[in-house]
Amino acid sequence: MKKTILATAILLAGAANAAEVYNNEGTSISLGGSFRGNVVIDNSDDVKFQDAGSRFDIKAVKDIADGVKAFGQIEIKYTNDDTTDIDDVLYVNKAFVGLEHDVYGTFVLGKQLGLNDDLVMNDFSYETSTYLAQASEVGSDTQDQLKYTKSFESASVVVGLIDQDTYSIGGTYDVAGLSLGVAYNIKNDVAATNGSDNSAIIVGAQYSMDALTVGAHYQATDIDDADKSVYGIGATYSLGLARAWVMLDILDGDNDSDEGSLVSIGADYEVVKDVKAYVEYQFDDNEVNGSDSKVFLGGRVYF
(Lines give C-alpha, C1' and ligand atoms only; values in the text may rest on other atoms or scores of the structure.)
Protein backbone atom coordinates (compact mmCIF):
# COMPACT_ATOMS: atom_id res chain seq x y z
CA MET A 1 0.00 0.00 0.00
CA LYS A 2 1.44 3.35 -0.96
CA LYS A 3 1.79 6.14 1.55
CA THR A 4 1.86 9.88 1.14
CA ILE A 5 5.08 11.83 1.55
CA LEU A 6 6.65 11.67 5.01
CA ALA A 7 9.05 14.15 6.53
CA THR A 8 12.72 13.21 6.69
CA ALA A 9 12.55 13.20 10.46
CA ILE A 10 10.00 10.40 10.36
CA LEU A 11 12.22 8.42 8.00
CA LEU A 12 15.16 8.72 10.35
CA ALA A 13 13.12 7.73 13.37
CA GLY A 14 11.84 4.63 11.57
CA ALA A 15 8.31 3.34 11.41
CA ALA A 16 6.06 4.06 14.36
CA ASN A 17 6.08 0.39 15.35
CA ALA A 18 9.84 -0.16 14.95
CA ALA A 19 11.61 -1.27 18.13
CA GLU A 20 14.67 0.60 19.32
CA VAL A 21 17.23 -2.05 20.27
CA TYR A 22 20.20 0.22 21.05
CA ASN A 23 20.67 3.83 22.16
CA ASN A 24 23.98 5.15 23.47
CA GLU A 25 25.98 8.36 23.11
CA GLY A 26 23.94 9.72 20.21
CA THR A 27 23.66 6.44 18.31
CA SER A 28 20.37 4.56 18.01
CA ILE A 29 19.51 1.33 16.19
CA SER A 30 15.97 0.13 15.51
CA LEU A 31 14.51 -3.05 14.07
CA GLY A 32 11.24 -3.18 12.15
CA GLY A 33 9.39 -5.01 9.43
CA SER A 34 6.34 -7.10 8.75
CA PHE A 35 5.25 -10.69 8.27
CA ARG A 36 2.86 -11.04 5.33
CA GLY A 37 0.79 -13.91 4.02
CA ASN A 38 -2.20 -14.41 1.75
CA VAL A 39 -4.45 -16.84 -0.05
CA VAL A 40 -4.83 -16.07 -3.76
CA ILE A 41 -7.99 -17.42 -5.41
CA ASP A 42 -7.76 -17.13 -9.19
CA ASN A 43 -10.50 -19.68 -9.83
CA SER A 44 -11.70 -22.89 -8.21
CA ASP A 45 -8.78 -24.78 -9.76
CA ASP A 46 -6.07 -22.25 -8.86
CA VAL A 47 -5.72 -21.48 -5.15
CA LYS A 48 -2.35 -20.48 -3.69
CA PHE A 49 -1.27 -20.22 -0.06
CA GLN A 50 1.86 -18.11 0.14
CA ASP A 51 4.03 -15.52 1.79
CA ALA A 52 3.27 -12.06 0.40
CA GLY A 53 6.61 -10.27 0.71
CA SER A 54 7.60 -10.51 4.38
CA ARG A 55 10.56 -8.29 5.25
CA PHE A 56 12.63 -6.79 8.03
CA ASP A 57 14.86 -3.74 8.22
CA ILE A 58 17.58 -2.33 10.43
CA LYS A 59 17.97 1.43 10.79
CA ALA A 60 20.77 3.35 12.49
CA VAL A 61 21.02 7.05 13.31
CA LYS A 62 24.11 8.86 14.63
CA ASP A 63 24.11 12.44 15.95
CA ILE A 64 27.28 14.07 14.60
CA ALA A 65 26.84 17.70 15.67
CA ASP A 66 24.09 20.27 16.21
CA GLY A 67 21.68 19.86 13.33
CA VAL A 68 23.66 17.09 11.60
CA LYS A 69 22.84 13.37 11.57
CA ALA A 70 24.22 10.34 9.75
CA PHE A 71 21.91 7.40 9.14
CA GLY A 72 21.64 4.11 7.31
CA GLN A 73 19.10 1.42 6.53
CA ILE A 74 19.04 -2.08 5.08
CA GLU A 75 15.84 -3.93 4.21
CA ILE A 76 15.81 -7.68 3.56
CA LYS A 77 12.78 -9.04 1.71
CA TYR A 78 11.48 -12.55 1.02
CA THR A 79 10.12 -13.71 -2.31
CA ASN A 80 9.17 -16.97 -3.95
CA ASP A 81 10.86 -16.43 -7.32
CA ASP A 82 9.11 -18.52 -9.97
CA THR A 83 11.63 -17.40 -12.61
CA THR A 84 14.55 -19.29 -11.04
CA ASP A 85 15.26 -22.80 -9.78
CA ILE A 86 15.38 -21.40 -6.23
CA ASP A 87 11.97 -21.41 -4.59
CA ASP A 88 12.82 -19.28 -1.56
CA VAL A 89 14.84 -16.09 -1.97
CA LEU A 90 15.99 -13.48 0.55
CA TYR A 91 17.37 -10.40 -1.13
CA VAL A 92 18.40 -6.84 -0.29
CA ASN A 93 15.46 -4.62 -1.22
CA LYS A 94 17.00 -1.39 0.09
CA ALA A 95 20.44 -0.47 1.42
CA PHE A 96 21.68 3.09 1.83
CA VAL A 97 23.55 5.60 3.96
CA GLY A 98 22.74 9.28 4.36
CA LEU A 99 23.55 12.60 5.88
CA GLU A 100 20.94 15.08 7.11
CA HIS A 101 21.45 18.76 7.91
CA ASP A 102 18.71 20.95 9.38
CA VAL A 103 19.44 23.73 6.88
CA TYR A 104 21.05 22.17 3.81
CA GLY A 105 18.84 19.12 3.39
CA THR A 106 19.41 15.37 3.14
CA PHE A 107 21.74 13.31 0.95
CA VAL A 108 21.10 9.56 0.61
CA LEU A 109 23.43 7.19 -1.26
CA GLY A 110 22.61 3.58 -2.13
CA LYS A 111 19.81 1.28 -3.27
CA GLN A 112 16.49 3.06 -2.80
CA LEU A 113 13.23 4.12 -4.42
CA GLY A 114 12.83 7.48 -6.07
CA LEU A 115 9.95 9.89 -5.58
CA ASN A 116 7.70 8.16 -8.15
CA ASP A 117 6.49 5.45 -5.78
CA ASP A 118 5.10 8.02 -3.32
CA LEU A 119 3.13 9.79 -6.05
CA VAL A 120 0.84 6.86 -6.86
CA MET A 121 -1.71 8.50 -4.60
CA ASN A 122 -4.78 6.60 -5.77
CA ASP A 123 -3.50 3.21 -4.54
CA PHE A 124 -4.82 2.24 -1.09
CA SER A 125 -4.66 -1.52 -1.69
CA TYR A 126 -2.41 -4.30 -0.40
CA GLU A 127 -1.97 -6.50 -3.47
CA THR A 128 -2.85 -4.46 -6.55
CA SER A 129 0.24 -2.99 -8.17
CA THR A 130 -0.66 0.01 -10.24
CA TYR A 131 0.54 0.29 -13.83
CA LEU A 132 3.99 1.66 -14.69
CA ALA A 133 4.96 3.40 -11.42
CA GLN A 134 8.38 1.73 -11.30
CA ALA A 135 10.25 1.27 -14.58
CA SER A 136 13.93 0.35 -14.68
CA GLU A 137 14.12 1.63 -18.27
CA VAL A 138 13.87 5.20 -16.97
CA GLY A 139 15.47 4.69 -13.56
CA SER A 140 12.27 4.98 -11.54
CA ASP A 141 12.43 1.61 -9.79
CA THR A 142 14.61 0.66 -6.80
CA GLN A 143 18.05 1.74 -7.98
CA ASP A 144 21.50 2.56 -6.67
CA GLN A 145 21.49 6.33 -6.71
CA LEU A 146 22.40 9.56 -4.96
CA LYS A 147 19.24 11.36 -3.84
CA TYR A 148 19.02 14.88 -2.43
CA THR A 149 15.94 16.20 -0.60
CA LYS A 150 15.39 19.74 0.60
CA SER A 151 12.28 20.70 2.55
CA PHE A 152 10.76 24.18 2.71
CA GLU A 153 8.06 23.98 5.40
CA SER A 154 5.15 22.41 3.46
CA ALA A 155 7.11 21.87 0.21
CA SER A 156 10.07 19.73 -0.81
CA VAL A 157 12.41 19.27 -3.76
CA VAL A 158 13.90 15.87 -4.65
CA VAL A 159 16.76 15.23 -7.10
CA GLY A 160 18.09 11.76 -7.94
CA LEU A 161 21.30 10.88 -9.85
CA ILE A 162 21.57 7.25 -10.97
CA ASP A 163 24.43 7.53 -13.48
CA GLN A 164 25.83 10.07 -15.91
CA ASP A 165 22.86 9.55 -18.24
CA THR A 166 19.98 8.89 -15.83
CA TYR A 167 18.47 11.31 -13.35
CA SER A 168 15.18 12.48 -11.84
CA ILE A 169 13.78 15.67 -10.36
CA GLY A 170 10.53 16.32 -8.55
CA GLY A 171 8.78 17.94 -5.66
CA THR A 172 5.82 17.87 -3.29
CA TYR A 173 3.53 20.39 -1.66
CA ASP A 174 1.10 19.89 1.24
CA VAL A 175 -1.58 22.34 2.36
CA ALA A 176 -4.87 22.02 4.27
CA GLY A 177 -5.25 18.26 3.78
CA LEU A 178 -4.15 18.37 0.12
CA SER A 179 -0.94 16.67 -1.04
CA LEU A 180 0.47 17.36 -4.52
CA GLY A 181 3.56 15.94 -6.20
CA VAL A 182 5.33 15.63 -9.52
CA ALA A 183 8.43 13.75 -10.69
CA TYR A 184 10.28 13.58 -14.01
CA ASN A 185 12.75 10.83 -14.93
CA ILE A 186 15.00 10.64 -17.97
CA LYS A 187 17.56 8.15 -19.24
CA ASN A 188 19.61 9.69 -22.04
CA ASP A 189 21.25 7.97 -25.02
CA VAL A 190 19.70 4.51 -24.60
CA ALA A 191 21.69 2.11 -26.78
CA ALA A 192 18.72 -0.21 -27.35
CA THR A 193 16.87 2.58 -29.16
CA ASN A 194 19.74 3.94 -31.26
CA GLY A 195 20.72 6.57 -28.75
CA SER A 196 17.26 8.03 -28.11
CA ASP A 197 16.03 9.00 -24.64
CA ASN A 198 13.63 7.19 -22.33
CA SER A 199 11.53 9.40 -20.06
CA ALA A 200 8.67 9.30 -17.58
CA ILE A 201 6.54 11.82 -15.75
CA ILE A 202 4.11 11.24 -12.89
CA VAL A 203 1.74 13.65 -11.17
CA GLY A 204 -0.13 12.74 -7.99
CA ALA A 205 -2.77 14.39 -5.82
CA GLN A 206 -4.47 13.32 -2.60
CA TYR A 207 -7.01 15.00 -0.35
CA SER A 208 -8.05 13.91 3.14
CA MET A 209 -11.13 15.09 4.99
CA ASP A 210 -11.99 13.35 8.25
CA ALA A 211 -12.39 9.61 7.51
CA LEU A 212 -12.39 10.00 3.72
CA THR A 213 -9.29 10.20 1.52
CA VAL A 214 -9.39 10.47 -2.27
CA GLY A 215 -6.41 10.29 -4.60
CA ALA A 216 -5.51 10.51 -8.26
CA HIS A 217 -2.43 10.21 -10.42
CA TYR A 218 -1.32 10.52 -14.02
CA GLN A 219 1.71 8.82 -15.54
CA ALA A 220 3.25 8.97 -19.01
CA THR A 221 6.30 7.08 -20.26
CA ASP A 222 8.28 7.08 -23.49
CA ILE A 223 10.30 3.84 -23.45
CA ASP A 224 11.97 2.41 -26.55
CA ASP A 225 9.96 4.90 -28.63
CA ALA A 226 6.65 3.50 -27.32
CA ASP A 227 4.31 5.85 -25.46
CA LYS A 228 2.15 4.75 -22.52
CA SER A 229 -0.19 6.69 -20.25
CA VAL A 230 -2.01 5.78 -17.05
CA TYR A 231 -4.92 7.57 -15.40
CA GLY A 232 -5.77 6.49 -11.87
CA ILE A 233 -8.34 7.41 -9.22
CA GLY A 234 -9.16 5.90 -5.84
CA ALA A 235 -10.75 6.47 -2.45
CA THR A 236 -10.60 5.00 1.03
CA TYR A 237 -12.92 5.42 4.01
CA SER A 238 -12.11 4.54 7.61
CA LEU A 239 -14.68 3.56 10.20
CA GLY A 240 -13.16 2.78 13.57
CA LEU A 241 -10.72 -0.12 13.17
CA ALA A 242 -12.05 -0.98 9.71
CA ARG A 243 -11.32 0.55 6.32
CA ALA A 244 -12.66 0.12 2.78
CA TRP A 245 -11.20 1.24 -0.53
CA VAL A 246 -11.72 1.26 -4.27
CA MET A 247 -9.25 2.15 -7.02
CA LEU A 248 -9.21 2.26 -10.82
CA ASP A 249 -6.33 2.52 -13.30
CA ILE A 250 -6.76 2.93 -17.06
CA LEU A 251 -3.79 2.12 -19.30
CA ASP A 252 -3.48 3.61 -22.78
CA GLY A 253 -0.56 3.04 -25.15
CA ASP A 254 0.75 2.52 -28.66
CA ASN A 255 0.64 -1.30 -28.47
CA ASP A 256 -2.33 -3.59 -27.83
CA SER A 257 -0.55 -4.96 -24.75
CA ASP A 258 -0.57 -1.42 -23.36
CA GLU A 259 -4.35 -1.10 -23.42
CA GLY A 260 -6.34 -2.11 -20.37
CA SER A 261 -7.85 -1.35 -17.01
CA LEU A 262 -7.25 -2.44 -13.43
CA VAL A 263 -9.80 -2.37 -10.59
CA SER A 264 -9.32 -3.11 -6.90
CA ILE A 265 -12.02 -3.23 -4.20
CA GLY A 266 -11.25 -4.27 -0.65
CA ALA A 267 -11.47 -3.83 3.09
CA ASP A 268 -9.25 -4.42 6.09
CA TYR A 269 -9.63 -4.65 9.84
CA GLU A 270 -7.09 -3.99 12.60
CA VAL A 271 -7.53 -7.02 14.85
CA VAL A 272 -5.16 -5.61 17.45
CA LYS A 273 -2.48 -2.94 17.19
CA ASP A 274 -0.12 -3.71 14.25
CA VAL A 275 -2.10 -6.81 13.19
CA LYS A 276 -4.35 -6.43 10.13
CA ALA A 277 -6.54 -8.79 8.13
CA TYR A 278 -7.88 -7.91 4.68
CA VAL A 279 -9.85 -9.10 1.69
CA GLU A 280 -9.27 -7.70 -1.78
CA TYR A 281 -10.85 -8.25 -5.18
CA GLN A 282 -8.82 -7.46 -8.29
CA PHE A 283 -10.01 -7.30 -11.90
CA ASP A 284 -7.47 -6.83 -14.70
CA ASP A 285 -8.61 -6.42 -18.30
CA ASN A 286 -5.99 -6.37 -21.09
CA GLU A 287 -6.43 -6.22 -24.86
CA VAL A 288 -3.96 -9.08 -25.42
CA ASN A 289 -4.28 -11.31 -22.35
CA GLY A 290 -7.99 -10.81 -21.83
CA SER A 291 -9.62 -10.37 -18.44
CA ASP A 292 -8.65 -11.97 -15.15
CA SER A 293 -10.05 -11.65 -11.66
CA LYS A 294 -8.55 -12.68 -8.32
CA VAL A 295 -9.52 -12.62 -4.67
CA PHE A 296 -6.89 -12.13 -1.97
CA LEU A 297 -7.40 -13.09 1.68
CA GLY A 298 -4.45 -11.93 3.72
CA GLY A 299 -2.96 -10.66 6.91
CA ARG A 300 0.04 -8.66 8.12
CA VAL A 301 1.85 -8.42 11.42
CA TYR A 302 3.99 -5.30 11.77
CA PHE A 303 6.84 -5.01 14.24
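The values are calculated or read from the model by the stated rules, or taken from the named source; none is laboratory data. In this text the structure is predicted, and so the values were computed from the model without any measurement. Because the Cβ atoms are built from the backbone with ideal geometry, glycine has one as well, and the counts that use them run over all protein chains shown. Areas reflect the complete protein model, heavy atoms only, side chains present, ligands, DNA and RNA absent. Shrake-Rupley method; radii C 1.70, N 1.55, O 1.52, S 1.80 Å.
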Of the labelled options [x] 1.09; [y] 0.99; [z] 1.03, which one gives Cα Rg over 2.2 N^0.38 Å as computed for this structure?
[z]
Which value, in debye to the nearest 20, describes the size of the charge dipole of the stretch 191-286 about its Cα centre when Lys and Arg Cβ atoms bear +1, Asp and Glu Cβ atoms bear -1, and nothing else is charged?
760 debye
On the accessible surface of the chain, probed at 1.4 Å with all protein chains in place, carbon and sulfur together account for a percent value of 56 percent
GNM, the chain, Cα, under 10 Å: largest mean-square fluctuation among V203, V175, V214?
V175
Enumerate the aspartates and glutamates that K150 could reach by cross-link, defined here as Cα to Cα under 15 Å, with residues fewer than 8 away along the same chain left out.
E100, D102, D174
Residues in the stretch 233-247 reached by a label modelled at E270 [backbone nitrogen below 15 Å; 7 Å Cα→Cβ]
237-244
Spin-label pair S196/S293, simplified geometry with 7 Å Cα→Cβ offset, distance in nm:
3.9 nm
For L241 and A176 in the same chain, what is the full-extension length gain: residue separation times 0.36 nm, less their Cα-Cα distance, in nm?
20.9 nm
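Could you give the accessible area per residue of the chain, probe 1.4 Å, as a whole number in Å²?
In whole numbers, the chain has 52 Å² accessible per residue.
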Inter-label distance, nm, simple model (7 Å from Cα along the C-beta direction), E25/V103
2.8 nm
For the chain, what is the calculated [θ] at 222 nm in deg cm²/dmol (nearest 500), taking -39500 (n - 2.57) for each run of four or more DSSP H residues and dividing by its residue count?
-500 deg cm²/dmol
Work out, step by step, the length gained on full extension between I76 and K94: first 0.36 nm times the residue separation, then minus their alpha carbon distance; give nm to one decimal.
5.8 nm
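How high is the relative contact order of the chain? Use alpha-carbon pairs under 8 Å, at least six apart in sequence, and give a whole percent.
Taking the mean separation of contacting Cα pairs over the length of the chain, I get 14 percent.
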Could you check the simple spin-label distance between D256 and D45, using points 7 Å along Cα→Cβ, in nm with one decimal?
2.4 nm
Give me the percent relative contact order of the stretch 156-228, please, defined on Cα pairs under 8 angstrom at least 6 residues apart.
22 percent
